[in-house]
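For reference, the structure is listed below as structure tokens.
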Amino acid sequence: MALLRLEKVTKRFGGLVAVNEVDLHIEAGESIGIVGPNGSGKTTLYNVISGVYTPEEGRVFFEEQEITFLPPYRRAHLGLGRTFQISRPFGSATVRENVAVGALFGTLHGRIGVDEALKLADRYIELVGLSELKDKVAGSLTPVEKKLMEVARALAMRPKLLLMDEAMAGMHPKDIDRLVGLLKEIKEEEKIAMVAMVEHIMRAVVGFAERVVVMHFGRKLVDAPTAEALKDPKVVEVYLGCPLEEK
Amino acid sequence: MIWNQLAGNLTQGLILGGVYGMATMGLSLIFGVLRVVNVGHGAFVMVGAFVAFWLFTALGLTPIAAIPAALVVGMALGFLFFYSVMRRLVGAPELTSLLATFAMGIILEEVVKLIFGTEYRGYNWDVGRVDLSVTVLPWAKIYAFLGSVAIAVLLYLWFNKTRAGTAVRSVVEDSEGARVCGVNVGWIYALSFAIGIGLTVASGVLLTMFIPVGINPYMGGPYTLKAFVIAVLGGLASPYGAFFGGLIFGLIENGSYTLFALLPGAEPFALTRFLSFAILLLILLLKPTGLLGAKE
Amino acid sequence: MKGSKYLPIIPVYIGYLVLFLIARGMPGMWQLMAMLVFYCAVGQAFNIFFGMTGYVNFGYVAFLALGVYGMALAIHYFHQFSWLGLGIVIIGLLLAMVMAGLLSLVVGAVALRLGGAYFAIATIGVNEGFRYLIEGAKIWGGSEGIIFSKQMTEAFGREMANRLSTLWADISVLLIAAVAALITLYFIKGKIGYALMALREDEGAAKVMGINVTKYKLIAFVTSALLAGLIGAMAWGLKLTYVFPPEVFDISYTVEAIVIVMLGGAGTLLGPVVGGLLYGLAKYWLTVILPGFQLLIFAPIIIVIVVAFPEGVVGVLKRRVKGTALEPFIL
């Protein structure tokens with residue numbers, strides 16, 4: 001049983017087809033990278049998966065349960081976590097409180113109290129390396145710190161599938177490597193959390209993803225193990241360049 | 001017999017609806033461009049009513065002359081409020097602009113109260129009537145309707161044929177894109193707000209051509225509610241939707257009045273006000289983007 | 001450690017205690033203290049929804065009004081059964097809660113699913129709509145309202161009726177304010193607090209984090225309405241012994257609630273108390289020296305607060321006491 005399955009999903013905005021008949025499947029424990037030029041439909045795809053948009057055509061399944069029309073908060077309870085392309089912290093609350101929200105309303109909702117949630121939050125804050133900042137007001141963090149906090153917040157939801165949208169954008173290569181390492185660690189430890197990303201940054205994709213999905217003008221161009229996908233002539237053409245050198 | 005009366009009332013309702021619709025166009029324009037709900041709407045209508053009243057009683061000017069005067073007064077007020085308050089609220093949470101416009105409305109009411117007192121004012125502008133078999137229509141009301149239509153048409157032309165109007169439309173579509181194209185977005189916001197307020201104040205004049213009595217500082221309340229019902233009916237961001245929403249609303253209001261009057265022991269006037277509220281809730285429940293709704 | 005959660009309630013209760021002692025101790029102060037407590041109570045009830053969700057309910061006074069009607073109707077219909085004694089008051093309170101609660105459920109269920117602007121629009125009509133329903137359908141006394149002072153005397157006996165109106169009505173408002181404070185504290189510190197904070201900050205992100213925003217908005221909305229109903233039943237109903245639609249549906253009470261909460265600090269525990277005291281005193285003072293000008297003065301104040309000073313007095317206070325010994329007490 002696939003953890004997440006998309007069946008011919010199509011999302012239109014007026015005349016514009018942002019996502020065009022996309023089939024996708026993600027198994028538990030996989031790490032996937034979703035890449036593509038700007039406007040290829042990656043973020044829209046994410047929004048359809050997390051429930052912000054409803055597709056005009058097609059269906060979405062989570063653990064073989066249809067969730068196409070399920071509201072976002074219910075998907076979170078089922079185990080879908082997500083971070084945003086442009087950070088959306090709860091600005092006037094502390095880092096600790098932000099992450100606690102994830103703990104309180106994620107897959108543990110209804111079974112976890114405020115004190116436990118705060119403890120859980122502390123654990124994940126430490127994991128991403130923000131322990132010193134945990135009582136700082138989230139709005140005062142740097143963009144990179146905000147992104148890390150969002151990762152912690154999404155992880156605190158104890159998700160089965162973690163969608164990360166451009167989590168690495170604007171990061172120093174050293175930080176990217178560190179985060180990739182962190183995510184791999186988490187994937188191993190938590191076992192359940194499966195991490196998918198939407199990245200422009202090849203360094204992150206290559207370091208992290210076992211399989212790569214390449215989007216182009218709303219369609220899925222290629223869906224293959226990383227090395228293969230990046231050498232695929234269609235992909236090379238789309239990115240207007242020569243094949244990627246291994247770093 | 002009852003059908004005649006109903007037909008008569010509906011005709012009156014349609015004519016009044018045109019004025020209501022025009023009154024709501026300002027509201028929809030302001031929301032469409034600035035995403036601000038002018039909660040003080042009724043107070044601006046009231047200002048227009050007083051403009052008409054004062055020009056008529058103090059200077060003997062017909063309400064028709066009061067229309068452009070009210071437009072000017074309204075735009076002046078709009079610019080004043082925009083530059084003193086609203087401009088600082090761009091990007092603030094919705095709540096803030098709601099409260100600001102709410103407070104502005106109250107300030108207007110209190111200032112007018114200071115100047116004119118709380119008694120009910122009125123004036124009498126009799127230019128004869130027209131007898132259609134089902135009802136008798138004073139020419140004043142017909143002028144009001146024609147005035148509303150004229151203003152709606154002018155607005156349409158302005159939006160589509162002038163540079164400024166096109167700039168406004170571009171800002172509604174995509175303010176960042178417009179900015180990049182060289183549109184002075186800040187000025188467009190100010191202009192749109194001012195025009196929206198101008199329209200609202202002018203509608204107060206037209207309204208008095210219909211109901212030349214009961215003019216007092218607190219008369220605005222019911223009009224705010226009506227305007228919101230109409231705006232939601234027609235699609236909150238669409239000025240044209242507002243106009244047609246107004247027509248529909250006028251029909252419903254008058255038609256229901258006749259029907260309520262048939263109920264023994266009921267007070268039809270108050271019940272039509274309740275009906276507005278019920279309709280509002282109903283639309284929000286079923287189709288919040290409005291019957292003629294444009295996509296939000 | 002567990003107990004420290006309740007520290008912030010201490011300043012609030014001290015404040016209320018002081019008000020009570022002044023009222024009892026100093027002759028002639030009772031009415032003023034009663035008014036101040038009324039404003040604090042209204043502020044706290046209003047704050048539970050407005051302060052915590054960031055949504056404005058322009059029709060707030062309708063819940064106070066329904067509260068009065070609940071009490072009025074209970075006394076009107078049950079006064080012959082004087083064996084019920086004070087049970088009639090209980091019925092009145094229950095009825096007040098039921099009526100305010102029902103209206104809030106109806107309006108909330110329809111309007112809270114939509115965003116802030118639509119919600120505001122929906123609530124603009126609540127006052128008007130409900131008032132005209134009563135007047136138009138001529139129910140509950142129609143546009144003439146209900147006067148029930150005589151019926152109170154019949155139900156409770158002259159002395160008791162008098163004491164209810166003059167003493168117990170005001171004390172009840174104080175008790176309601178105290179309860180409202182406790183509820184506010186629970187809403188801020190508990191799970192609900194996190195949900196409300198999140199949806200207030202960023203409703204879209206909150207949804208994706210697993211928060212059923214409509215449910216939480218509704219909880220806050222109904223709670224705020226129920227408290228308002230209780231306040232109306234006591235402060236207007238029992239105390240004034242009559243209800244008259246144009247008075248009880250007067251939008252200026254909503255304006256006052258907004259000023260009180262914003263001045264004091266929206267979303268804080270202490271805010272409405274501070275706001276209520278400041279506003280009440282200012283209004284009292286203004287009524288003495290400049291009657292009829294209150295709205296003209298307070299409306300621009302709303303604008304100034306909204307533009308320049310949105311966190312209110314307690315908001316600023318919270319920032320100042322960060323890191324000091326006072327911090328756990330100011331919420």
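The values are calculated or read from the model by the stated rules, or taken from the named source; none is laboratory data. As the structure is a computational prediction, the values presented were derived from the model and not from experiment. With ideal geometry, Cβ positions are generated from the backbone for all residues, glycine too; neighbour counts draw on all protein chains shown.
Observations on the model:
- Hits in segment B:182-202 - residues which are closer than 17 Å to B:Val51 by Cβ and modelled with pLDDT under 90: none
- Those residues of segment A:85-120 which are within 20 Å of the chain's Cα centre (by Cα) and at the interface with chain C (Cβ under 7 Å from one of its Cβ atoms), in sequence order: A:Arg88, A:Phe90, A:Ala100, A:Val101, A:Gly102, A:Leu104, A:Phe105, A:Gly106
- Residue in segment A:147-188 that is farthest from the other protein chains (Cβ to nearest Cβ), counting only those that are of a type in the set (Asp, Glu) and within 25 Å of A:Pro72 (Cα to Cα): A:Glu166
- Of the residues B:Leu280, B:Leu275, the single one that is in contact with a helix residue (DSSP H, G or I) (Cβ under 6 Å, 6 or more places away or on another chain) and facing chain C (nearest Cβ under 7 Å) is B:Leu280.
For (1) aromatic (Phe, Trp, Tyr); (2) closer than 30 Å to C:Gly116 by Cα; (3) assigned to a helix (DSSP H, G or I), each residue gets a yes or a no:
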residue: B:Gly8; (1), (2), (3): no, no, yes
residue: B:Met22; (1), (2), (3): no, yes, yes
residue: B:Leu27; (1), (2), (3): no, yes, yes
residue: B:Pro68; (1), (2), (3): no, no, yes
residue: B:Phe81; (1), (2), (3): yes, yes, yes
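- Counted residues, segment B:43-99 - those being closer than 13 Å to B:Thr200 by Cβ, among the hydrophobic types (A, V, I, L, M, F, W, C) and touching a Phe, Trp or Tyr at 6+ places or on another chain (Cβ under 6 Å): 1
- In a residue-by-residue description of segment A:214-229, the property of being of a type in the set (Val, Ile, Thr), modelled with pLDDT of 80 or more, buried (at least 17 other Cβ atoms within 10 Å of the Cβ) and within 16 Å of the chain's Cα centre (by Cα) applies to at least one position.
- Residue selected from segment C:110-143 under the condition in a loop (DSSP other than H, G, I, E, B) and more than 7 Å from chain B (Cβ to nearest Cβ), by the criterion nearest to B:Asn38 (Cα to Cα): C:Gly115
- For B:Gly48, the conditions (1) out of contact with any Ser or Thr (no Cβ under 7 Å at 6 or more places or on another chain); (2) at pLDDT 90 or above are fulfilled apart from (1).
- Residue list for segment B:90-101, restricted to those being assigned to a helix (DSSP H, G or I) and either more than 7 Å from chain C (Cβ to nearest Cβ) or among the acidic types (Asp, Glu) (or both): B:Glu94, B:Ser97, B:Thr101
- Lone qualifier among C:Pro291, C:Pro245 - being closer than 30 Å to C:Ile146 by Cα, within 14 Å of another protein chain (Cβ to nearest Cβ) and in contact with a Lys or Arg (Cβ under 9 Å, 6 or more places away or on another chain): C:Pro245
Results for (1) assigned to a helix (DSSP H, G or I); (2) modelled with pLDDT of 90 or more; (3) within 14 Å of the chain's Cα centre (by Cα), shown as yes or no for each residue.
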{"position": "C:Ala181", "(1), (2), (3)": "yes, yes, yes"}
{"position": "C:Ile188", "(1), (2), (3)": "yes, yes, no"}
{"position": "C:Leu199", "(1), (2), (3)": "yes, yes, no"}
{"position": "C:Ile211", "(1), (2), (3)": "no, yes, no"}
{"position": "C:Gly232", "(1), (2), (3)": "yes, yes, yes"}
{"position": "C:Ala235", "(1), (2), (3)": "yes, yes, yes"}
{"position": "C:Ala257", "(1), (2), (3)": "yes, yes, yes"}
{"position": "C:Val273", "(1), (2), (3)": "yes, yes, yes"}
{"position": "C:Lys283", "(1), (2), (3)": "yes, no, no"}
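- Between B:Glu109, B:Glu94, the distinction of being more than 22 Å from B:Phe145 (Cβ to Cβ), of a type outside the set (A, V, I, L, M) and touching a Pro at 6+ places or on another chain (Cβ under 7 Å) belongs to B:Glu109 only.
- Residue, nearest to C:Thr166 (Cα to Cα), within segment C:24-33, restricted to residues that are surrounded by fewer than 20 Cβ atoms within 10 Å (Cβ to Cβ) and of a type outside the set (Phe, Trp, Tyr): C:Gln31
- In segment B:47-85, the qualifying residues are those that are at the interface with chain C (Cβ under 10 Å from one of its Cβ atoms) and touching a helix residue (DSSP H, G or I) at 6+ places or on another chain (Cβ under 6 Å), and the one that is farthest from B:Ala152 (Cα to Cα) is B:Val85.
- Subset of segment B:229-272 that is facing chain C (nearest Cβ under 9 Å) and farther than 25 Å from C:Ile139 by Cβ - its residue that is modelled with the lowest pLDDT: B:Leu236
- Candidates C:Gln80, C:Gln31: the one that is within 21 Å of the chain's Cα centre (by Cα), more than 8 Å from every other protein chain (Cβ to nearest Cβ) and not hydroxyl-bearing (Ser, Thr, Tyr) is C:Gln31.
- Any chance B:Tyr189 is of a type in the set (Ser, Thr, Tyr) and assigned to a helix (DSSP H, G or I): yes
- For segment A:144-177, the set of residues classified as within 25 Å of A:Gly36 (Cα to Cα), among the charged types (D, E, K, R) and part of a helix (DSSP H, G or I) consists of A:Lys146, A:Lys147, A:Glu150, A:Lys174, A:Asp175, A:Asp177, listed by residue number.
- Checking A:Ala76 against (1) in contact with a strand residue (DSSP E or B) (Cβ under 7 Å, 6 or more places away or on another chain); (2) in contact (Cβ under 8 Å) with a residue 40 or more places away in the chain; (3) of a type outside the set (Phe, Trp, Tyr), the condition it does not meet: (1)
- Test: residue in segment A:121-143 that is away from chain C (no Cβ under 14 Å), on the phi > 0 side of the Ramachandran plot, at pLDDT below 80 and in a loop (DSSP other than H, G, I, E, B): no
- Apart from one condition, C:Gln44 fits all of (1) part of a helix (DSSP H, G or I); (2) among the polar types (S, T, N, Q); (3) farther than 30 Å from B:Glu94 by Cβ; the exception is (3).
- Test result for B:Gly147, touching a helix residue (DSSP H, G or I) at 6+ places or on another chain (Cβ under 7 Å) and at pLDDT 90 or above: no
- Filtered by the rule that a residue be over 19 Å from B:Asn216 (Cβ atoms) and assigned to a loop (DSSP other than H, G, I, E, B), segment B:102-130 gives B:Asp126, B:Val127, B:Gly128.
- For segment B:235-245, the criterion of being of a type in the set (Phe, Trp, Tyr), touching a His at 6+ places or on another chain (Cβ under 9 Å) and crowded, with 24+ Cβ neighbours inside 10 Å is satisfied by no residue at all.
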